Amino acid sequence: MDYLSDSPRVRSDSMSSSASQGSRSKMLLRQRLSQLLTCIEDMSSDDEASEEVSRTLDEAFQLCGRYVPTDAFRLHMVTWNVATAEPPEDVTALLQLDVQPPTDLYVIGLQEVNATPVRFISDLLAEDSWSHVFMDTLAPRGFVKVTSVRMQGLLLLVFAKQIHLPYIRNIQTTYTRTGIFGYWGNKGGVSVRFSFYGHMVCFLNCHLAAHMNYALQRVDEFEYILEAQDFDITDTPHVLDHKVVFWFGDLNFRIADHGLHFLRSSINSGRLNLLWSKDQLITMKKKEPFLQEFEEGPLNFKPTYKFDRNSDTYDTSGKKRKPAWTDRILWRIKPKTPPSEDDDERASTSTDDGQDEYPILVTQDKYTSEMSYGVSDHKPVIATFNLELRKYFDTPLVHISPVGVWSADQDALLNYTIQEYFMSSTWDWIGLYKVGFKSASDYETFVWVRENELPETNEVIQISVDKDGIPLLSGEYVLGYYSTNMQSIIGLSANFQILESKRAVMEGLVPDINGLNK
């Protein structure tokens, strides 16, 4: 793509990888209207001409309306090589929490998280410090960790607004090692895939080979990762089968040819465009067809590597590494399958398929670095996207509701109903969550779904919750149905209040203002 300093927002869609949705739909619309005009000119009183006019008008208006998605969601992405550092206390600038419109999804990819053997084993037993700081920051804002995947120093975290949880399904994660013969996993890729309102999306966080002379090896590693990763999903078994793919991380591409003095002079004078033609990723995209399917916004921010720690000064050590845009965020819309040679013109322009009926538009609103963080020799890179889509569904698979008043003074009841068939399991469970919970495992208590047999669709099932698992103090809570097969919460109740119990006063957790202890 051309990198222009005043370029508009970058936009792509699920209709085509080479032409914008708008130009494609306008072209087809012009074809239909041209046919209409021809019909009008030749129109006679016979019914056949009238039917042709009616059919062409109908197709033209369907074409106008078909490509207009009805809902928009904001995606905030971060990639950061943290160079084994501990997280800063405050990550609010990194997450831009108070932007408008508000964010719906956060995807955070880190590289070089502290991955010594002892540290890595301890992180397997509990969340690592980076996950903790993001969960502690986002949970009070109503964001829940959907999933995460870690391979040594590579970490990928996905958060969603609580309201979206029932519509994020079929979550799967995987990883591929490439560094040190694939043994230790210091390089490679980790990915998360899921269905978002029925649209298949995949996020791939990579850390590729370092050093100036390994541009081709980096491309080979990325291609190997794409080929090696697979998912247990029939229609999207590989990364590139997904409708939208986000590829990001410390991709380690450098700025070739230019000397250190020229690089720093161009950066200091703000003439970043002088460096784009020698950026290895941009030049490799011109040579590799599969890379050309990935889009990237303009590099209108300073190269993010390599800095002296806790400063905005590029490397002053003896090595004096040349600055580079090593940290990148790209995306790919799955190309529309071209019509076969056997299809006639009418079939190729008017027949609906899944992509046509349920499009997704991707618009990049921001692509920049956050210079205020200095714990690493890399600066974090931020990209925000607007996802416009038509939902495949907008009803949860499971409806859940509390029954009556809840307090720890007595057993409580809940009802749940399977609203649409899915592959349920007797290992599914319903958790009680305090509003502001961090993840699906952050429940106060849980109950297994009915164990003797799986419920029928629309059958109302009632389950008792033992009072010993209910919080003693009052608060706002929500019930969530967790599917073990989908690895996600697929049903949420409305928020409800749990009342303060008499036991709370008896156990001295609250003041005895009513004389209950007498």
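The figures follow:
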item: Residues (in a loop (DSSP other than H, G, I, E, B) and buried (at least 21 other Cβ atoms within 10 Å of the Cβ)) located in the range 378-394; result: Lys379, Pro380
item: Condition met for Gly491 (in a strand (DSSP E or B) and out of contact with any Pro (no Cβ under 8 Å at 6 or more places or on another chain)); result: no
item: Odd one out for Val435, checked against (1) at pLDDT 95 or above; (2) outside the structural domain of Asn81 (by the TED database); (3) over 20 Å from Phe159 (Cα atoms); (4) touching a Phe, Trp or Tyr at 6+ places or on another chain (Cβ under 8 Å); result: (3)
item: Residue tally, condition part of a strand (DSSP E or B) and surrounded by 18 or more Cβ atoms within 10 Å (Cβ to Cβ), over the range 494-510; result: 1
item: Failed condition for Glu459, given (1) open to solvent by 70 Å² or more (accessible area, probe 1.4 Å); (2) over 30 Å from Phe301 (Cβ atoms); result: (1)
item: Out of Leu291, Leu260, Leu274, sole residue that is at pLDDT below 95 and assigned by the TED database to the domain that holds Thr178; result: Leu260
item: Which listed residue is touching a helix residue (DSSP H, G or I) at 6+ places or on another chain (Cβ under 6 Å), in the same structural domain as Asn170 (by the TED database) and modelled with pLDDT of 95 or more, from Gly198, Gly189; result: Gly189
item: Pairs where the first residue, in the range 314-325, is at positive phi and assigned to a loop (DSSP other than H, G, I, E, B) and the second is of a type outside the set (D, E, K, R) and modelled with pLDDT under 95, C-beta under 7 Å, 6+ apart; result: Lys320/Leu260
item: Residue match in the range 149-170 (condition: part of a strand (DSSP E or B), out of contact with any helix residue (DSSP H, G or I) (no Cβ under 9 Å at 6 or more places or on another chain) and at positive phi); result: yes
item: Residues that are within 20 Å of the chain's Cα centre (by Cα) and among the basic types (Lys, Arg), drawn from the range 232-285; result: Lys243
item: Any chance Asn300 is open to solvent by 20 Å² or more (accessible area, probe 1.4 Å), of a type outside the set (Val, Ile, Thr), at pLDDT 95 or above and farther than 19 Å from Ser12 by Cβ; result: no
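To keep it simple, each residue is scored yes or no on (1) at pLDDT 95 or above; (2) more than 22 Å from Thr395 (Cβ to Cβ); (3) not β-branched (Val, Ile, Thr).
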{"site": "Glu451", "(1), (2), (3)": "no, yes, yes"}
{"site": "Asp466", "(1), (2), (3)": "yes, yes, yes"}
{"site": "Asn485", "(1), (2), (3)": "no, no, yes"}
{"site": "Lys502", "(1), (2), (3)": "no, yes, yes"}
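The values are calculated or read from the model by the stated rules, or taken from the named source; none is laboratory data. Small disclaimer: the values here were computed from a predicted structure and weren't measured. All Cβ positions, even for glycine, are placed from backbone atoms using ideal geometry, and neighbour counts span all protein chains on display. Note: areas computed on protein heavy atoms with side chains; ligands, DNA, RNA excluded. Shrake-Rupley method; radii C 1.70, N 1.55, O 1.52, S 1.80 Å.
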